[in-house]
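What follows draws every value from the coordinates through simple rules; no lab data is involved. Just so we're clear, the structure is a prediction, and the values are computed from it rather than from any experiment. Positions of Cβ are backbone-derived with ideal geometry, glycine not excepted, and every protein chain shown enters the neighbour counts.
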Number of protein chains: 2
Amino acid sequence: METRELRYFVAVAEERHFGRAAERLGIAQPPLSRAIQQLERRLGARLLDRTTREVALTEAGAVLLTEGRAALDAVDAAERRTRRAAVGPGIVLVSKAGASEELLAKLLDAYAAEPGAVEVDVQLCGPAQQERLLRDGRADVALLHCPFDSTAGFDTDDLTTEGQSLFLPAGHPLSARSELRMADVAGVPLPRWPLPDGGYPDGPGPEVRDTMQLRQLVSLGRAAAVLPDSARHGLVDDVVAVPVVDAPRVTTVIAWPPHSRSRAVADLVRCAARL
Amino acid sequence: METRELRYFVAVAEERHFGRAAERLGIAQPPLSRAIQQLERRLGARLLDRTTREVALTEAGAVLLTEGRAALDAVDAAERRTRRAAVGPGIVLVSKAGASEELLAKLLDAYAAEPGAVEVDVQLCGPAQQERLLRDGRADVALLHCPFDSTAGFDTDDLTTEGQSLFLPAGHPLSARSELRMADVAGVPLPRWPLPDGGYPDGPGPEVRDTMQLRQLVSLGRAAAVLPDSARHGLVDDVVAVPVVDAPRVTTVIAWPPHSRSRAVADLVRCAARL
DNA sequence: CCCACCCATACCGCAGGGGTATCAATGAGA
DNA sequence: TCTCATTGATACCCCTGCGGTATGGGTGGG
C-alpha cells in the first residue's frame, strides 16, 4: 500500500464526499474514485458504501481510517525527523504554555550542563496538541500531565507529582478559605479546554487555549480554575491559590516515542529522572 | 514520502550494498540508485555516504532507518488489520507458548461468555516475537510478561503478579530445598533465549525458543530455569519447582496498540481486568 | 417530471519508474 | 605499477499508471 493511496482514502473517509476530498487533495474527482476502487481491489475489501447521496464507511473502512491515520503520522514523523537530523543535531521539546515552568527551566539547565548536550528547541502549545506533535515528528520529547494528557503509545518517566489548587481572583468568596474540597468547587464555572478535534465542550465557563491565557482571565476576575500547585509559580498578587485537598494528584511525566530513543533524547530523559 | 521509497531505503541501509538490496527488492540496481538519489534530493538530506567499497549511514540516514522501519510497520499493520476486518469480525491474541496457560484459558472463557464476543484467534509464539506481531498488525492483543517483554508503544493493563521458581529435574541437588535465593541459582547454567534479531547470546546454557521446549528439556534433565510460578501448572512429576524468593516478580499484562482500541479489543481488555 | 447532485466510466497525454548497456572510481593482488 | 574485479552512477529506452477532461447514469428533492 502506498502512502498516496492512504492519503486519498483518509481524505474521502473524513469528508465522506469524493468531490470535496478531491478538492482538498488538489486533484480531480475521477482519478480519486479510481484510486479508491483500485485500493479496494488490491486489499480485496470494500471500504466505502457509496450511493449517489452519501458515502459511508464499512467495518473494514473504519479500521483502515484509524490505522491509516496512525501510519501516515508515522511516515510524516520519519520525514520530519530525518529533515531535522540533516540540518544538525538538536531535539524539540514540547510543553504546555504556562505549565511546569520551574521544572522545565531546571531540566534545561541540568541538560545543558551535560557533556555532549545538543541544542533543545522548546515549543510551547496548548494541551492535546503535544500528543499530535510527538506523533507526527514535529517534536521529540514532551512534558505531559497525567491524568489529563494521554500517554498512549509513548514511553514515559515520572518526574513530579503534586496536588491541585483552585486559582481565583482575590476578593472571590472562596479566596479566604485555607483549603477546599471538590464539593466546594462544584458551583464554580470552570474553564473549557479544547477537545482533541479543536472544538469546545458545552458549558458555562470561558473557552481557553492555554494556561497563560487562563492565568490572564483569572487575574482579570473573569475565570477560576483548578490547576496543579506549581502554577502558583510566578503568580501575580491579585490571584489567590487555595489547595483543593481531594483533587486528583497530577503527575508530570517526560514522554518520547518508544522507537526513537536517540542518544540526545536518552540523555535528556536520564537528566530529567535525576531532578 | 512514498512507502516504496522507504522500503528501498531500508533495504539499502540494512544491506549496506546497492546490489544486494536490489536483489532483495526484486529490481535492478540502477533504478534503486536513482530512487535513493531522488529521495535524498526530495528530503534535502544526504542519507548514505557511498564509496565504491562501502555504503555507510549518515546521521540523517540512521534516523530515517529507525523511523522508517516504524512507519513501514504501521503501514503493514493498517493493511493487515483492514484485510482481517474485511473477512469478518474477530481478533488475534498472541501469547508465549507454554506461559500463562491458566490465565489465558480463563480469559478466553470469560470473554466468550460476553455478549457481542467475536472469535478470538489465539497465536502462540516465542518471546520477542509478540511485540513484532502486535506492531505489524498480525495480532491485535498480546499477553506480555514484565519485566521480560518490552511494552514500549503499547497500552497495557496489569493482570497478575507472581514470583518465580527454579524449575529443575527431580534429583538435582537443589531440588530438595524448600526455597532458594538468586545467589543459589548463580551456579546453574540458565537457558539462553533468542535476542530480538533472532540470534542467541553466548553462554553455557542450552538455546531455547519457547517455554514448551524448555519444559521438555527440563524434564529430560538437560536444563534448569527460573520461570514464573504459574509455569508449575500442568507440571509433570519428574520436574520440581522451588520458589526463588528474591527473584524479580513477574507481571502478566494485556497489551494492545493504543490507536486501535476497537470494540472487540476493548471488551476483551475489560474482561481481562475483571479476572 | 425535471433537475441538480454525485460517483463511475471512457479516453488521452505524459511523467516517471524500471530495464539494459556502459562508464568511472577504487582498492586488492600480482 | 599495472591490471582487474567490484560497485555505484549515468545514458537511454520502453511502458505502466497517474492525472486530466468529457460524459454517463442513478437518485432524491422540488
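I'd like the FRET efficiency for residue A:178 and residue A:114, computed as 1/(1 + (r/R0)^6) with the beta carbon distance as r and R0 of 45 Å, rounded to 0.05.
Approximately 0.60, to the nearest 0.05.
At 7 angstrom along the Cα-to-beta-carbon line, where would the label on residue A:119 sit relative to the other copies? Give the distances in nm, shortest first.
5.7
Please give, to one decimal in nm, the separation of the simple spin-label points placed at residue A:202 and residue A:27, each 7 Å out from Cα toward the Cβ.
4.0 nm
Straight distance only, please: which lysines reach the Cα of residue B:96 with their own Cα at less than 22 Å, same-chain residues fewer than 8 apart left out?
Cα-Cα hits under 22 Å: B:106.
Only loop residues by DSSP count here, and only those with at most 16 other Cβ atoms within 10 Å; note down the GluC sites (Glu not before Pro) in segment B:94-141 that meet that.
Passing both the DSSP loop test and the Cβ count: B:119.
What length, rounded to one decimal in nm, is gained on full extension from residue A:270 through to residue A:34, with 0.36 nm per residue of separation minus their alpha-carbon distance?
Extending this stretch completely gives an extra 79.9 nm.
Projected area of segment A:77-201, taken from the Cα convex hull and averaged over every viewing direction, in nm²?
10.4 nm²
Rounded to the nearest 20 debye, what is the charge dipole size of segment B:176-225 about its Cα centre when +1 sits on each Lys and Arg Cβ and -1 on each Asp and Glu Cβ?
Roughly 200 debye, rounded to the nearest 20.
Nothing charged except the Cβ atoms of Lys and Arg (+1) and of Asp and Glu (-1): what's the magnitude of the dipole of the protein assembly as shown about its Cα centre? Round to the nearest 20 debye.
That gives a dipole near 1580 debye.
Distance between Cα centroids, segment A:219-271 to segment B:136-194: provide it in whole Å.
That distance is 38 Å.
In degrees between 0 and 90, to the nearest 10, how far off the longest principal axis of chain B does helix B:3-15 point, with axes built from Cα atoms?
Value to nearest ten degrees: 70.
Per residue of B:147-159, count partner chain C-beta atoms within 10 Å of its C-beta, then hand back the mean as an integer.
2
So which residue of A has the beta-carbon closest to the axis that swings A onto B, and how many whole Å away?
Nearest-to-axis residue on chain A, with distance in whole Å, is A:74, 2.
Can you list the distances in nanometres, one decimal and ascending, from the residue A:216 label point to the identical position in each other copy, with the point 7 Å along Cα to Cβ?
7.1
On average, how many beta carbons from a partner chain sit within 10 Å of the beta carbon of a residue in A:171-177?
The per-residue average across the peptide is 0.
Out of A:36, A:113, A:258, whose Cα points farthest toward the positive end of the dipole of chain A (charges: +1 Lys, Arg; -1 Asp, Glu; placed on Cβ)?
The one lying farthest along the dipole's positive direction is A:36.
In peptide B:52-63, how many Cβ atoms from other protein chains are near each Cβ within 10 Å, on average?
3
Taking the label point as lying 7 angstrom from Cα along the Cα-to-Cβ axis, what are the distances from residue B:246 to the corresponding position in the remaining copies, in ascending order and in nanometres?
Those separations, rounded to one decimal, come out as 4.4 nm.
Which angle between 0 and 90 degrees, to the nearest 10, do you get for helix A:263-273 versus the longest principal axis of chain A when only C-alpha atoms count?
The helix A:263-273 is inclined about 30 degrees to chain A.
Using only the Cα atoms of segment A:171-254, construct the convex hull and provide its projected area averaged over every direction, in square nanometres to one decimal.
Here the figure is 6.4 nm², rounded to one decimal.
Taking segment A:2-123, how much of its Cα-Cα pair set, in percent, is spaced more than 20 angstrom apart?
58 percent
Between segment A:3-58 and segment B:46-85, what is the C-alpha centre distance in whole Å?
Cα centroid to Cα centroid, the span is 27 Å.
Can you give the Rg to Rh ratio of chain B, both from alpha-carbon atoms, with Rh computed by the Kirkwood formula?
Expressed as Rg/Rh, it is 1.06.
What trypsin sites (Lys or Arg not before Pro) does segment B:167-275 have in DSSP loop regions with at most 16 other beta carbons within 10 Å?
When the trypsin sites (Lys or Arg not before Pro) of segment B:167-275 are filtered for loop state and at most 16 Cβ neighbours within 10 Å, B:177, B:181, B:209, B:222, B:249, B:261, B:274 remain.
Give the residue from B:165, A:204, A:133 lying farthest towards the positive end of the charge dipole for the protein assembly as shown; charges sit on Cβ (+1 for Lys and Arg, -1 for Asp and Glu) and the dipole is referred to the Cα centre.
It is A:133, whose Cα lies furthest towards the positive end.
Can you give the angle from 0 to 90° between the axis of helix A:101-113 and the longest principal axis of chain A, with both taken from C-alpha atoms, to the nearest 10?
Tilt relative to chain A: about 80 degrees.
In whole angstrom, and with the biggest value first, how far do the Cα coordinates of the protein assembly as shown range along each principal axis?
On the principal axes, the protein assembly as shown reaches 80, 64, 57 Å in Cα extent.
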